[in-house]
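S.K.: Dropping the structure in here first, questions after.
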Amino acid sequence: MEQHRGIVVAKRGLVAASQPLAAAAGLKMLMDGGSFADAAIATSAVLCVTEPHASHLGGDAFLIVYEAATSKTYAFNGSGKAPQAATAEHFGRAIPTRGIRSVAVPGLVDVWHEFHQRWGRLSLSKVLEPAISYADQGYPVGFRTARVFRDSQALWQEFPATLRALTGQDHPPQAGQTIRQPALAKTLALIADTGREAFYEGALAEAIVRFCQAQGGLLSYEDLANHRTWIGEPISTSYRGHTVHGQPPVSQGLLLLEELNLVEGFDLSQMGPLSADAIHVMVEAKKLAFADRARFLGDPDFVSVSVEKLLDKEYAAQRRGEIRMERASVPQSHSELAHDTTYFCVMDADGNAVSFIQSVFWGYGSGLVVEDTGILLNNRLSGFSLDSKSPNFLQPGKRPLHTLNAWLITRPTPSGERVTYVGGTPGADWQVQTSLQVICNLLDFGMNPQQALEAPRWAHGPSVPENGPANLLQIESRVDMTVIEALRRRGHEVAPIGPWAHGSACQLIACDDQTGALLGASDPRCDGEAVGF
């Protein structure tokens with residue numbers, strides 16, 4: 001398999017992220033004696049400064065954490081709930097996709113707090129120092145970030161104050177231009193000094209609520225003060241001698257595990273990577289899993305989600321019988337969820353690891369920055385349904401269904417389960433499809449970590465609702481045309497796209513079985529890097 005980037009090999013720690021400055025900040029924490037948690041929080045905070053379209057303090061986060069000393073794996077659900085004032089009756093026919101009434105409770109800062117409390121080694125002030133510096137002194141805008149700023153002109157016409165808050169000017173910045181965010185620097189410094197209290201109960205909470213209520217928003221002080229990150233066991237399934245750990249609902253990480261259970265019954269290695277048979281099987285598995293999302297997935301505090309049944313191998317065998325090798329199925333109806341998201345992963349010399357994904361939902365979230373704080377607010381409420389029959393029906397205090405999911409793979413050893421791969425990707429509804437392909441590239445087709453990310457990709461359906469027909473199968477043009485024609489003969493609506501045009505941008509860390517070395521890979525479809533020492 002063709003490979004353009006080298007694999008980063010390290011022994012004492014490795015960070016892979018979509019933004020080089022963020023990866024470097026995480027690496028600095030490791031080199032200064034910090035833990036994997038310190039490195040992850042530093043990376044997360046710098047991403048909020050340097051990639052505001054994808055994630056921010058006013059957004060959410062999900063983590064899969066592996067603790068080497070105990071061989072235990074944990075799931076963090078840092079998604080925010082709907083405000084107590086958010087009811088279906090309040091919204092009537094539709095929830096706005098932008099603006100103050102689209103805002104749910106932000107969860108990211110509480111994730112930092114909980115993660116740091118458990119595994120942090122350095123002070124929070126030290127960990128947030130790089131992000132504070134980039135916000136205060138300025139950071140050079142990356143090419144991808146500049147393009148997203150430039151492509152969001154319609155948003156800036158509606159929310160010009162947000163562009164000024166993020167850039168200090170009235171027009172999108174150019175790549176390489178240094179921009180400062182002094183208000184955000186002060187906010188980060190306050191969090192560094194006082195932790196979550198400032199954000200959820202103190203001065204920042206008061207500023208957020210005052211801003212929201214002045215514009216007719218729904219967030220209250222009690223909504224913020226009552227927020228807590230959910231921490232528990234991940235869900236998992238076995239695949240090719242490994243255990244794949246994913247996010248439980250409200251994340252749709254369940255769909256990735258369903259897809260793996262479905263394709264497990266086929267000999268993909270015999271079919272070959274990027275063959276018509278292999279692509280067909282994976283696309284059909286995706287359709288079946290997404291049909292289950294529409295029927296079953298929602299906040300388990302409000303609806304019954306039978307995770308055990310959906311991940312049962314017998315259930316997978318039953319559903320697998322619906323896959324016809326000679327013909328593409330018509331997908332059952334499901335609604336796509338929009339996105340803008342960023343993913344990164346960290347692993348240290350002791351084998352501790354975190355798979356970390358954070359988001360503000362749509363690009364630049366609600367489109368609103370809280371005055372004098374630099375905090376960009378999410379638009380996560382728009383991820384709810386107003387159909388009372390949907391498991392994702394809007395209710396006060398309920399978490400919306402999330403595309404956000406991170407994964408981590410372990411294998412059994414005489415001393416317990418040990419991490420073999422840590423990975424994930426942004427990409428909304430493409431996330432679980434992309435992760436399926438990456439995992440199969442690793443475990444079925446024997447690719448190395450960088451090859452697994454660089455291999456040509458497909459995506460079924462749009463990543464966001466407005467981006468195309470629900471049954472469109474987009475395939476990067478590096479896939480042989482004979483394969484594309486074979487898929488068309490089976491009934492797939494194939495549309496070739498640019499050779500590297502697939503929107504997801506993965507990051508991956510592997511642990512070499514024989515040497516214990518850490519192997520880092522970063523997707524060339526973004527500006528990211530893997531760095532280690």
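The values are calculated or read from the model by the stated rules, or taken from the named source; none is laboratory data. Treat the numbers as computed from the prediction; the structure is a model and nothing was measured. No Cβ is skipped: glycine too gets one built from the backbone with ideal geometry, and neighbour counts run over all protein chains shown.
S.K.: Where the second residue is part of a loop (DSSP other than H, G, I, E, B) and the first is without any contact (Cβ under 8 Å) to a residue 24 or more places away in the chain and lies in segment 506-533, which pairs have Cβ atoms under 9 Å and are six or more apart or on separate chains?
M.R.: Close Cβ pairs satisfying both conditions: Thr515/Lys11.
S.K.: Within segment 397-408, is even one residue assigned to a strand (DSSP E or B) and modelled with pLDDT under 95?
M.R.: yes
S.K.: Given the conditions (1) in a helix (DSSP H, G or I); (2) modelled with pLDDT under 95, and given that Thr434 satisfies all but one, which numbered condition is not satisfied?
M.R.: Thr434 satisfies every listed condition except (2).
S.K.: On the given criteria, is Gly491 more than 30 Å from Leu14 (Cα to Cα) and modelled with pLDDT under 95?
M.R.: Judged against the criteria, Gly491 is not a match.
S.K.: A further question on this structure: Which of the numbered conditions does Tyr343 fail, given that it passes all the others? Conditions: (1) in contact with a Lys or Arg (Cβ under 7 Å, 6 or more places away or on another chain); (2) in a strand (DSSP E or B).
M.R.: It is condition (1) that Tyr343 fails.
S.K.: Next question, about the same structure. I'd like the full set of residues that are over 24 Å from the mean Cα position of the chain (by Cα) and either closer than 14 Å to Lys398 by Cα or modelled with pLDDT under 95 (or both), limited to segment 224-235.
M.R.: Scanning segment 224-235 gives a single hit, Asn226.
S.K.: Search segment 307-326 for residues being among the acidic types (Asp, Glu) and at pLDDT 95 or above, and hand back the single one that is surrounded by the most Cβ atoms within 10 Å (Cβ to Cβ).
M.R.: My answer is Asp312.
S.K.: Now, a different point. Of the numbered conditions (1) of a type in the set (Gly, Ala, Ser); (2) closer than 16 Å to Ala428 by Cβ; (3) free of Cβ contacts under 8 Å to residues at least 40 places away in the same chain, Ala470 fails exactly one; give the number of that condition.
M.R.: (3)
S.K.: From Ser269, Ser304, grab the single residue that is assigned to a loop (DSSP other than H, G, I, E, B) and surrounded by fewer than 20 Cβ atoms within 10 Å (Cβ to Cβ).
M.R.: Ser304
S.K.: Could you say which residue among Val422, Val479, Val438 is over 22 Å from the mean Cα position of the chain (by Cα), closer than 27 Å to Gly6 by Cβ and crowded, with 21+ Cβ neighbours inside 10 Å?
M.R.: Checking each option against the conditions leaves just Val479.
S.K.: Hey, can you tell me all the residues within segment 307-322 that are more than 24 Å from the chain's Cα centre (by Cα) and either assigned to a loop (DSSP other than H, G, I, E, B) or more than 21 Å from Ser390 (Cβ to Cβ) (or both)?
M.R.: Asp312, Lys313, Glu314, Tyr315, Ala316, Ala317, Gln318, Arg319, Arg320, Gly321, Glu322
S.K.: If you don't mind, another one. For Glu417, all conditions in the list (1) surrounded by 23 or more Cβ atoms within 10 Å (Cβ to Cβ); (2) more than 16 Å from the chain's Cα centre (by Cα) hold save one; what is the number of the exception?
M.R.: The single condition Glu417 does not satisfy is (1).
S.K.: Please report, ordered by residue number, the strands (runs of 3 or more DSSP E) entirely within segment 175-265 with at least 1 residues that are crowded, with 17+ Cβ neighbours inside 10 Å, in contact (Cβ under 8 Å) with a residue 12 or more places away in the chain and not hydrophobic (A, V, I, L, M, F, W, C).
M.R.: Per the criteria, 235-239, 242-246.
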